[in-house]
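Read through the structure below, which is laid out as structure tokens, and then see the notes.
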Amino acid sequence: MIRSFLLLIAFCLSAQVASSKPNFVIFLADDLGYSDLGCYGSEIATPNLDKLAAGGLRFTQFYNTARCWPTRSVLMTGHYAQQIGMDPQYGRFPAWVRTLPQRLSALGYRSYHSGKWHVGNTPKVVKDAGFTHSYHVAQQDNHFHPKRHELDDVPQPEPKGPWYSSIAIADHAIDFLNEHAQQHAEKPFFSYIAFTAPHFPIQALPEDIAKYKDTYLKGWPTTRAARFERQKQLGLVSTTLSDPEPQITAPSGKESDLAILGPGETRHAVPWESLSEEQKQFQAMKQAIHAAMIDRMDREIGRVLEQLKTMNAFEDTLILFLSDNGASAEVMVRGLGHNKAAPMGAAESYLCLGPGGSTVSNTPFRRHKIWVHEGGISTPFIAHWPQGITAKGELRHSPAHVIDVVPTLLALAGDAKPAMPENAPPFPGRSLVPAFAKDETISRDFLFWHHSGNRALREGDWKIVSAADNGDAWELYNLSNDRAESNNLAAKEPELLKAMAARWEKLEAEFVAQAGPKPAGNAKKKGKSKAKADD
């Protein structure tokens, strides 16, 4: 009798400890631009995300790494991709790496993953990365037909009925949460929901496309100007609107793809008025499909939120939303190919948003995914947690980065000073918990970027940036009033530029050394990583 009583007390105490730790949900979009949500200036309907923002926080200067796999690897480890052999990709982590699910497991959490993964150094999401359950959309060449998908690392047969990526990803996330509520309610959980939308090929349900079919006929400049005006009204930006750059093209794709795609396509963000009527119709419809994908993703996020409410977990769950990189200027044909006779956005079509639409999505910033100018690395970032964030609808202006997510979650889970394995460098990020309480600048020395030969370093409001397609020449900008990166101050501040460039070189050498020796014949030079079919 006494033993049973003591066991009951022990169970109650353990449940109380578990309940003191918040749950975590991370929604990650794929190739979504800074201005693509309603609460960040868009005309696209995103009521569920907008409601999270109204009940929580929006960060105005949150950064990713400019590409899919580096951002996802940072999000899962807390280290820069260069430190862990993920940019360039080595095919394995250094021995000292511990993933976020592995660290959370030691703190009593169960972890669930649904959607894209693309952390090639840990190919098995459950076995290698430490998730309790995983639904892995392993190849995403078609949003209506998964070329390869896995449940708990086991390949699954082709779906027998209708399948659409965002719906399937939400379905499995909800299934995992429902199981957790029924069988493990005493434990806190981490749910990582990584949508493949709005990544190319841009494909959407016909009824979702119909909602936006006429929205973008007014042209890229008009839509972009309207978004910029709303951003200023919302207090999100204090900069000028960057100029489109019709001279640049994304490094992936080839001219021969244009023959497959037809006369409506272009690889350049040329002036709207220079397009033919056919091109205008084609480009406007592509934007409509892109919008439909985001609209659908928001609806599926809404279903997940309802599940959290049903299981009485919504109030004590920290929900984060962000994108892995800026919108993409890429134009290409891959996967099952493109059928010009198929309706645009259907399963038989293979279209990309392209540079014109991407310039709109990344408003008000320069450039796109892959580049480390602000357009390639800036993301919406929403934080919502009723029991932990009292601010409602407020903005946070502190610069922040995906390197900050792991330290933040670990601090809230009770591990503010996590033990590091032998030879492991400290986390380069900072906990965002102080910024949850008030709009204060998170103290840090720098933020670092390097991807596909594109380089950047931010120290305070100063940023140096160079593009591989511009001879690697460093540019210098004061981001306090020029996040459009339109006023290059390199000639006016040569000593500052020289000092920051030297620090970038030093950090690059340190990070590469921490990743360990390069596997023979695997990594690329100058930080260039070969694009994958699901990048």
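Out of all the residues in the range 42-92, which are under 29 Å from Ala225 (Cβ atoms), open to solvent by less than 10 Å² (accessible area, probe 1.4 Å) and aliphatic (A, V, I, L, M)?
Answer for the range 42-92, where residues must be under 29 Å from Ala225 (Cβ atoms), open to solvent by less than 10 Å² (accessible area, probe 1.4 Å) and aliphatic (A, V, I, L, M): Ile44, Leu49, Leu52, Ala53, Leu57, Ala66.
Among the residues of the range 263-276 satisfying the criterion of being among the hydrophobic types (A, V, I, L, M, F, W, C) and part of a loop (DSSP other than H, G, I, E, B), which is surrounded by the most Cβ atoms within 10 Å (Cβ to Cβ)?
Ala269
Need pairs with beta-carbon distance below 7 Å; first residue more than 17 Å from Ala424 (Cα to Cα) and within the range 509-526, second at pLDDT 95 or above; sequence gap 6+ or separate chains.
Note: pairs meeting the criteria are Lys526/Gly453.
Among the residues of the range 485-520, which ones are in a loop (DSSP other than H, G, I, E, B) and farther than 29 Å from Glu245 by Cα?
Gly516, Pro517, Lys518, Pro519, Ala520 - these are the residues of the range 485-520 that are in a loop (DSSP other than H, G, I, E, B) and farther than 29 Å from Glu245 by Cα.
Please tell me if Arg299 is surrounded by fewer than 19 Cβ atoms within 10 Å (Cβ to Cβ), of a type outside the set (Ser, Thr, Tyr), within 21 Å of the chain's Cα centre (by Cα) and within 30 Å of Glu186 (Cβ to Cβ).
For Arg299, the condition - surrounded by fewer than 19 Cβ atoms within 10 Å (Cβ to Cβ), of a type outside the set (Ser, Thr, Tyr), within 21 Å of the chain's Cα centre (by Cα) and within 30 Å of Glu186 (Cβ to Cβ) - is not met.
Please indicate, with yes or no, whether at least one residue in the range 409-418 is farther than 30 Å from Ile389 by Cβ, more than 23 Å from the chain's Cα centre (by Cα), at pLDDT below 95 and not in a helix (DSSP H, G or I).
The answer is no; no qualifying residue exists.
Considering only the range 158-166, I want to know if a residue exists there that is open to solvent by 10 Å² or more (accessible area, probe 1.4 Å), modelled with pLDDT under 95, more than 22 Å from Gln281 (Cβ to Cβ) and outside any loop (DSSP other than H, G, I, E, B).
No, the conditions are met nowhere in the range 158-166.
Please go through the range 236-276 and pick out each residue that is within 30 Å of Asp482 (Cα to Cα) and of a type in the set (D, E, K, R).
Of everything in the range 236-276, those that are within 30 Å of Asp482 (Cα to Cα) and of a type in the set (D, E, K, R) turn out to be Asp243, Glu245, Arg267, Glu273.
Using beta carbons and a limit of 6 Å, which pairs, at least six apart or on different chains, have the first residue in the range 238-262 and open to solvent by 30 Å² or more (accessible area, probe 1.4 Å) and the second one not in a loop (DSSP other than H, G, I, E, B)?
Leu241/Phe228; Pro244/Thr359
Given the criterion touching a helix residue (DSSP H, G or I) at 6+ places or on another chain (Cβ under 8 Å) and without any contact (Cβ under 8 Å) to a residue 60 or more places away in the chain, identify the matching residue among Pro146, Pro162, Pro198.
Result: Pro146 is the single residue among Pro146, Pro162, Pro198 that is touching a helix residue (DSSP H, G or I) at 6+ places or on another chain (Cβ under 8 Å) and without any contact (Cβ under 8 Å) to a residue 60 or more places away in the chain.
The values are calculated or read from the model by the stated rules, or taken from the named source; none is laboratory data. Here the structure is a predicted model, which means the values were calculated and not measured. Backbone-built Cβ (ideal geometry, glycine too); neighbour counts: all protein chains shown. Accessible surface areas use protein heavy atoms only, side chains included; no ligands, DNA or RNA. Shrake-Rupley method; radii C 1.70, N 1.55, O 1.52, S 1.80 Å.
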